[in-house]
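Just below is one structure, and these are the notes that go with it.
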Amino acid sequence: MRDSRQFTRRPLLAALIGASCVMPALAHADINPNFFGYARSGIGSTAGGGSQTCFKAAGAPAKYRLGNECETYAELGLGANLFDQQGTSFDFASRVAYVTAQDNDSESLQDADNDIALREMYVTGTNAVSGLPDGSTLWAGKRFYKRHDIHMNDFYYWDVSGPGVGISDIDLGVGNLSLAWVRSSGSDNDNFPDQGQRLSDDTVDIRMTDIATNPGGSLQLGVDYGRASTPEWLENYYDNNNIDYEDGDKGWMGTIEHTQSNWFGGSNTVALQYATDGIITSNGNAVGRPAGGLVSQDGDMWRVLDHGHVWLVQDKLDLLYAAIYEDKNMDDDSGRKWFSAGVRPVYYWNDIMSTAVELGYDHIEPQSGVSSYNGEDHHVTKLTLAQQWSAGRGAMIRPTIRLFATYAKWNGDAYEEAGVANSLDTGSGPNNVDFNDTDGLTFGAQMEVWWGS
Amino acid sequence: MPQRHIAILLSGLALTSLAGCASLVPHGDTAVAPAKQSQQALAQATDCCDTLATLPYQPLTVGESQSLTLDTHAPMHQFEDGASYFQAFELPRTREPLTFKLTSTIANDQVFAPTVLILDEDFQPTQRVASDKFDYLSPNGFAGARLGATFDITPGPDAAYMVVYSNETARQGTTQYESAEKVYARVRGLALPPGPDPIAEHTATGNVTLESESRETGGGLLTPILGTRSHADSVTKTRNATARDEQASPSSASASTPDFDYRRMINAALKADDIELAMQLAERAEREGHSGTRAWLAERLRSVSP
């Protein structure tokens with residue numbers, strides 16, 4: 001006899017409904033809020049003077065993050081199960097994100113480098129649409145949508161988050177089908193005289209997940225099609241001014257991903273992606289949504305990556321690893337090739353204290369049209385040693401308080417001039433290494449925490 | 001240049017895989033083998049004791065969290081419902097209501113599904129917290145997936161000893177749980193890891209933590225209602241913490257406070273449908289010398305029930 005115990009994902013909060021009750025007693029439902037979130041914050045300095053410099057290769061979409069984050073970032077979420085009856089449930093979730101430069105005590109969220117942003121506000125209805133397989137979930141509102149990331153360098157390689165609507169996790173037997181329509185508007189400041197004209201960039205996301213392939217392994221296939229939805233008056237304006245928008249405002253991306261669980265105590269994920277034109281994000285790390293703003297972005301991109309977590313010695317030594325190769329080939333030669341690799345072994349002295357080392361390498365080979373940073377091949381290597389105190393053992397166990405020292409080395413001058421990138425990106429925090437330095441050392445402390453269930 | 005990078009990438013991947021094959025221990029092996037080993041070890045272990053009376057009881061220190069050794073080095077006894085490794089405790093003789101919290105961590109797809117047995121002074125079982133009373137608790141960023149239960153015991157002649165073990169029926173069961181990675185993904189709005197949730201086998205050994213605290217030090221429901229009397233108690237106990245266990249022997253608890261109307265308080269608790277509080281008040285009244293309160297409450301409950 002197997003007495004299987006099934007967990008309840010969320011507390012059942014709906015009011016007590018008697019067997020004789022005909023009307024759902026929603027008006028009397030108790031709200032049991034679910035508080036969840038994530039935060040990191042700390043303090044750091046650059047050896048030689050000044051606050052902490054964070055080392056990121058200019059032109060790279062990401063940097064290795066251990067001992068290399070210069071901002072306070074937090075997401076505070078509130079949600080609740082609002083209805084749970086006869087197999088159908090409705091859940092609400094919201095999330096606000098905060099970022100500050102962690103310069104001093106009172107930091108206005110309106111100042112440069114600081115921000116407060118509404119990231120999520122949505123409702124899911126699980127088994128709300130009758131006739132669909134169990135688990136199908138209808139949703140609407142703005143949300144983080146099935147984001148795929150590499151934790152170690154904070155790189156989101158498949159992220160179409162935003163306001164949207166969709167139905168997800170329809171169990172078709174061979175896998176789960178999810179369909180979504182999401183939005184990431186841009187503004188055409190370059191071509192339109194009245195700045196801030198919004199382009200409604202729509203993305204349709206279709207993905208099949210949980211396709212079983214081998215024991216512990218599953219495949220995920222996805223296609224995203226994005227286009228800028230332009231109103232007629234805007235198209236007339238483009239036509240009258242000979243602006244080519246037809247090619248640039250569309251794009252699609254395909255993703256094939258395989259995840260292997262039971263992989264030396266952790267998991268391994270390998271992904272291959274190809275994208276065209278407007279869906280290639282020109283900068284930043286949120287790739288997979290339309291470029292927005294750029295009405296004419298032509299080119300293609302392909303990317304292969306592998307990342308995962310393994311236990312080298314169970315409960316004693318684990319390892320995060322990542323490797324990425326990306327070739328962004330733009331028709332105006334503004335693209336680049338990016339190679340990145342990193343490892344983060346962590347040795348656990350006991351349940352609380354651990355020592356982490358993170359070695360990361362980023363190499364950028366720009367196309368000939370790049371002018372906003374070092375147009376030559378350049379690379380950044382960073383090495384961090386951190387002593388950590390955490391609520392347990394394991395790569396994703398938080399909260400963590402860590403003391404760190406980070407050494408980075410790169411080729412070429414760090415910056416061209418104040419605020420202008422050369423080999424190092426200038427937007428990742430204070431720029432406190434000298435212009436012509438080719439290495440730097442920082443030290444500091446940071447906390448990181450996530451909570452919720 | 002791209003070819004070189006791809007070569008590096010692929011060789012890196014190959015190295016990772018090869019290194020894995022050479023030196024890493026695949027997860028499956030670590031998970032299943034110890035489960036079988038501990039079951040085999042249990043089958044071969046010899047019974048430590050002839051009767052429940054001869055189990056190795058340790059004194060229980062209230063207010064502490066202790067990790068119970070429930071591995072193959074723990075004592076084993078053939079309980080009525082099966083053989084099991086166990087830990088046994090002698091409850092303090094204070095007769096103050098205690099709250100216990102027992103958690104059993106899920107690790108490597110295994111968990112010890114505990115049963116708690118309460119014995120009277122004569123080592124006869126009087127109460128049981130069965131393994132199915134333990135709830136599955138999801139990982140939350142501060143603690144991993146685990147089974148947990150909270151229960152109240154008022155030590156006395158009917159509750160003098162406690163045994164934590166796992167019976168044979170419980171060991172046939174399994175617990176499906178969520179990995180910390182999955183909860184992290186949900187909390188961060190990431191794609192959930194694919195595949196079904198892992199299933200933990202109920203094993204003969206495990207990691208169990210027992211926490212206990214006096215209901216009075218915890219404050220809780222009783223403090224505002226019992227008012228100054230409760231305060232006086234806790235002040236005395238704090239001042240002479242080491243003598244605490246010996247201080248309130250059954251006979252010394254008879255000093256009553258005539259001005260305290262327990263029956264009125266019990267009536268109020270019943271009115272608020274808080275039978276648990278009513279029962280605690282009755283227990284307390286009995287200890288304070290208001291004998292007959294328990295019987296009076298039982299009568300009241302009988303008249304309230306349909």
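A few comments on the model shown:
- Number of partner chain Cβ atoms within 10 Å, mean per residue of A:210-218: 2
- Within segment A:331-453, the ratio Rg/Rh, alpha carbon atoms throughout and Rh by Kirkwood, equals 1.07.
- Summarising the label geometry, the points placed 7 Å from Cα in the beta-carbon direction at residue B:132 and residue A:316 lie 4.2 nm from one another.
- Environment charge at residue A:430 (Cβ cut-off 11 Å; Lys +1, Arg +1, Asp -1, Glu -1): -3
- Tensor-based shape of chain A (alpha-carbon gyration tensor, a/c under 1.5 rounded, otherwise prolate or oblate): oblate
- Residues listed by number, segment A:158-195, amide nitrogen under 17 Å from residue A:244 label point at 7 Å toward C-beta: A:191
- Rounded if a/c under 1.5, otherwise prolate or oblate - segment A:99-254, Cα gyration tensor axes: oblate
- Entries of A:63/A:328; B:133/B:182; B:36/B:182; A:142/A:250; A:316/A:337 with Cα pairs more than 29 Å apart: A:316/A:337
- Legend: mean number of C-beta atoms from other chains within 10 angstrom of residue C-beta atoms, peptide A:394-400, equals 4.
- Volume per residue of the C-alpha convex hull in segment A:345-407, rounded to whole Å³: 106
- Packing-based order for A:165-173, A:380-388, A:254-262, using average beta carbon neighbours within 10 Å, highest first: A:380-388, A:254-262, A:165-173
- Label-zone membership for segment A:98-136, site residue A:86, 7 angstrom Cα→C-beta point, backbone N under 18 Å: A:125-136
- Within the shell defined by Cβ-Cβ distances under 14 Å, the residues around residue A:259 carry a net charge of -2, with Lys and Arg each +1 and Asp and Glu each -1.
- Formal net charge of residues neighbouring residue B:296 (Cβ-Cβ distance under 13 Å; K, R +1; D, E -1): +1
- Sorted largest first, extent of segment A:294-396 alpha carbons per principal axis (Å): 54, 22, 22
- Per-residue 3J(HN,Hα) values for segment B:59-68, derived from phi via the Karplus relation 6.51 cos²θ - 1.76 cosθ + 1.60 with θ = phi - 60°, read x, 9, 8, 6, x, 10, 9, 10, 8, 8 Hz in sequence order (x marks Gly and Pro).
Values quoted throughout were computed directly from the atomic coordinates according to the rules given, and no laboratory measurement underlies them. Here the structure is a predicted model, which means the values were calculated and not measured. All Cβ positions, glycine included, derive from the backbone under ideal geometry; neighbour counts span all protein chains shown.
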